[in-house]
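Q: Right, I'll just put the structure down here and ask away after.
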Amino acid sequence: MPTYVYETIPQFEGDLPKRFEIRQSMKDNALTQHPDSGQPVRRVPIGGTGVMGGASSSGSSSSSGGSCGTGCGCH
């Protein structure tokens, strides 16, 4: 089960959002309220490790490895 990051939505000027993590099934709907306080929350997009988009549309392949190009340190 993946862990998702949420943050509270400040209700008053000067309030700061508070972040928390929760494990949920990918089939579960995103939370709309904090499980303990009931305060409104939103899911925070966090960068992943996958590559979206794949290879270039020109059809040429690179001998340097993946689609991230050279100089990234992963090859």
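Q: Starting from the amide H of Lys18, placed 1.01 Å from N in the peptide plane, find each other amide H under 5 Å away whose residue is 5 or more places distant or on another chain.
A: Counting only residues 5 or more places away or on other chains, the set is Thr8.
Q: Under 5 Å between amide hydrogens, which residues at least 5 positions from Gln33 or on another chain qualify, with H placed 1.01 Å from N in the peptide plane?
A: It is Val41, by chain and number.
Q: Around Gln39, what is the net charge, scoring Lys/Arg as +1 and Asp/Glu as -1 over all other residues with Cβ under 15 Å from its Cβ?
A: Working: positive: Lys18, Arg19, Arg42, Arg43; negative: Glu7, Asp15, Asp36.
Computed value for this residue: +1.
Bear in mind these aren't lab numbers, they're just calculated from the coordinates by the rules spelled out. Keep in mind that this is a model prediction, so the values were computed, not measured. Cβ sites come from the backbone with ideal geometry, for glycine too, and all protein chains shown count toward neighbours.
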